[in-house]
């Protein structure tokens, strides 16, 4: 039985779609399934002999899920290659901030996507992951994504989904990409990736990103420990095996990186926190269940921030209250870090199983919490010709993936990033040319 059939027989498509539309902040609700092509590009001669990297993200794939649900293919391949005990997400441990941290090597406060839903006082506008116009507007995105770095160097790239890949960032998109949708069957996605790697040298992408949303969807709906989540893990494991087997027939030197954006925590439906009453004429609220931003929207609001902070601290209910200037240093999420001024003036931060309730539905799992929590830790595995074998490494910050991939592809870094090349240097079998 094909992997997609096995998964969707265990989880109703209708239930999945209904939940996503009503509860989850989808990257976009558009369902454009057309391959997008940036015409007129070819690999430069210098880039044609470089290795290949396929980077796969499994949304919400907590550090322990491969063992918890016996993801046999991933267990096998990580044992043959490199496996981290876990990978530390950037704060907040949310989908958009972390996918973009991985692909830029920058913390969210530096790259600009400080939440899945936030306000920019300078633009007087909000970014929300379900807002098609915002998601496709490159002016919201800072840093230099790996595909931008590569394309500027004359190396072609492709994306079967990644945060930012639909936008022209610094006027650059991947050569081949799709607008996010969940209609394309896994078999068709695998076939497309293989077809990219069967193109002539001049047209073949050397960096390919690939994304799975299924585990995250099921964890939100049912929690981490549910059979539906187990089925989603099995689906992803089987799908990656199919992808790997298909791509190995090309005979190319392909390096695989499998990772996730964040972990997951179970929630207690009886422990949802009610938002404190705020004067919305002077304050604006953004964020979600695991992090709430309060922005002063006028002079009166700014003048009364100190009093509001004091009142919130005195009446806190299973959440912490922070001034943006005094958050934990390890978050790299303070006013002084906030390149674009997008972090709220006051932050409300719950700890699981408590969370704020946004919307009518009560979900059983969530993320976005303090990135130091064990449940928030993500996954990192790697294998291929340029990775060492049978190597285990300790927890590390996800911004270190960027300089690793740049090194694999032989792309020099001419700009400042937060990720350190030395963090993952030891996992390479040799120094790529």
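Pairs meeting the criteria (first residue in the stretch 304-316 and free of Cβ contacts under 8 Å to residues at least 12 places away in the same chain, second residue surrounded by 13 or more Cβ atoms within 10 Å (Cβ to Cβ), beta carbons under 8 Å, at least 6 apart or on different chains) are 313/321. Counting only residues that are out of contact with any strand residue (DSSP E or B) (no Cβ under 8 Å at 6 or more places or on another chain), in a loop (DSSP other than H, G, I, E, B) and surrounded by 21 or more Cβ atoms within 10 Å (Cβ to Cβ), the stretch 402-416 holds 1 of them. Of note, residue 263 satisfies the criterion of being assigned by TED's automatic domain parsing to the domain that holds residue 204, within 27 Å of residue 107 (Cα to Cα), crowded, with 20+ Cβ neighbours inside 10 Å and touching a residue at least 40 places away in the same chain (Cβ under 8 Å).
Residues that are in a loop (DSSP other than H, G, I, E, B), within 19 Å of the chain's Cα centre (by Cα), outside the structural domain of residue 283 (by TED's automatic domain parsing) and at pLDDT 95 or above do not occur anywhere in the stretch 343-364.
Residue under question is residue 130, and the condition is that it be surrounded by fewer than 19 Cβ atoms within 10 Å (Cβ to Cβ) and in the same structural domain as residue 239 (by TED's automatic domain parsing); does it hold? Considered against the rule, which asks whether it is surrounded by fewer than 19 Cβ atoms within 10 Å (Cβ to Cβ) and in the same structural domain as residue 239 (by TED's automatic domain parsing), residue 130 comes out as yes.
Residues considered: 300, 316. Of these, the only one that is at pLDDT 95 or above and either outside the structural domain of residue 230 (by TED's automatic domain parsing) or out of contact with any helix residue (DSSP H, G or I) (no Cβ under 6 Å at 6 or more places or on another chain) (or both) is 300.
Considering only helices (runs of 4 or more DSSP H) fully contained in the stretch 123-221, which possess at least 2 residues that are within 23 Å of residue 260 (Cβ to Cβ) and more than 16 Å from the chain's Cα centre (by Cα)? So that I can check it myself, show each step before the final result.
On the way: elements: 132-135, 146-152, 186-197.
In the stretch 123-221, 146-152, 186-197 are the helices (runs of 4 or more DSSP H) which contain 2 or more residues that are within 23 Å of residue 260 (Cβ to Cβ) and more than 16 Å from the chain's Cα centre (by Cα).
The values are calculated or read from the model by the stated rules, or taken from the named source; none is laboratory data. Just so it is clear, the model here is predicted, and its values are computed rather than measured. Note: ideal-geometry Cβ built from the backbone for every residue, glycine included; neighbour counts use all protein chains shown.
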